[in-house]
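Here is the structure we will look at, set down as structure tokens.
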Amino acid sequence: MEKNYFVHESSYVDEGCTIGSGTKIWHFSHIMSHCVIGEKCNIGQNVVVSSDVILGNNVKIQNNVSLYTGVICEDDVFLGPSMVFTNVTNPRSAVNRRGSYEKTLVKRGASIGANATIVCGHTIGEYAFIGAGTVIIRDVPDYALMVGNPARQTGWMSQYGHKLKFDGDGIATCPESGQKYILRNGVVSKV
């Protein structure tokens, strides 16, 4: 069977992985067995993708990121340099908690900035934007802009990554795409 993806010679891909067409895996990375990686993903150097991780299409992972068992990233997710996922809420070296891995879901189009930490068991909403160094300890709504430690919401972001400014009627327009958004009862959606 012809390999239709690229793996740098310094990286390891274990048996039993599914890797989509056009994906690129760069220097010193390790892709573990039974993970699923979609099409046209870009996996930077020194990245670990653990067993049973699922990545959608066009996921961009920058250098020095580890995706542990329980992580699911939908299509078009961006993971910034050295950001961190956890998969156990109460780790102890002397206690084996392999059966206690918690699921973390990063929904379509979300961006997670450099050095951010995502504590396991939470969902990052569609097109949410997690600022550099932010620590996520709860679910994040679609389009939310989150910053700080612990994270607090400071606004809303468009699909193109621009901060939205809502008028008195709860309508905002992305300055790049022209797409309109509406804010009703603390929920943002496209018009």
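Please treat every number below as a calculation from the coordinates, not as lab data. This one's a predicted model, so the numbers in the text were calculated from it and none came from an experiment. Glycine also receives a Cβ, built like all others from the backbone with ideal geometry; neighbour counts cover every protein chain displayed.
Starting from the exponent 0.38 and prefactor 2.2 Å, build the expected Rg for the stretch 51-153 from its residue count and divide its actual Cα Rg by it.
The reported ratio for this selection is 1.00.
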Which residue, Pro81, Pro141, Pro91, tops the fluctuation ranking in a GNM of the chain built on C-alpha contacts under 10 Å?
Pro91
Whole-Hz Karplus couplings 3J(HN,Hα) for the stretch 37-42, θ = phi - 60° and coefficients 6.51, -1.76, 1.60, Gly and Pro as x, run 10, x, 7, 6, 7, 10
For Thr104, list long-range residues whose amide hydrogen, built 1.01 Å from N in the peptide plane, is under 5 Å from its own amide hydrogen.
Val71, Ile72, Gly121
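Whole number please: convex hull volume per residue, Cα atoms of the stretch 44-88, in Å³. Before the final figure, lay out each step's value.
Numbers: hull volume 2.7 nm³, N = 45.
Cα convex hull per residue, to the nearest whole number: 61 Å³.
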What fraction of the DSSP beta bridges in the chain is antiparallel, stated in percent and rounded to the nearest 5?
25 percent
Hull volume per residue for the chain, using the convex hull of the C-alpha atoms, in Å³ is 124 Å³
Name the longest site-free stretch of the chain, where the excluded sites are trypsin sites (Lys or Arg not before Pro) in a DSSP loop with no more than 11 other beta-carbon atoms within 10 Å.
4-137
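To check you understand DSSP bridge types, tell me what percent of the beta bridges within the stretch 7-106 (both residues inside) are antiparallel, rounded to 5. If you can, show how the numbers build up before the last one.
Working: 1 of 24 bridges.
Antiparallel bridges: around 5 percent, rounded to the nearest 5.
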Residue-ordered couplings for the stretch 155-164, obtained by feeding phi - 60° into the Karplus form 6.51 cos²θ - 1.76 cosθ + 1.60 and rounding to whole Hz (Gly and Pro as x), are x, 10, 10, 7, 4, 8, x, 10, 5, 8
Once exposed loop GluC sites (Glu not before Pro) are cut out (DSSP; at most 10 other Cβ, 10 Å), longest piece of the chain
16-191
For the chain, set up a GNM with springs between Cα atoms under 10 Å and report which of Gly148, Gly99, Gly121 has the largest fluctuation.
Gly99
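Using just the Cα positions, wrap the stretch 73-117 in a convex hull and report its mean projected area in square nanometres, one decimal place. Present the calculation step by step, with values, prior to reporting the outcome.
On the way: hull surface 14.7 nm².
Mean shadow area of the hull around the Cα atoms is 3.7 nm².
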Please arrange Thr134, Thr89, Thr117 by counting, for each residue, the other beta carbons lying within 10 Å of its beta carbon, fewest first.
Thr89, Thr117, Thr134
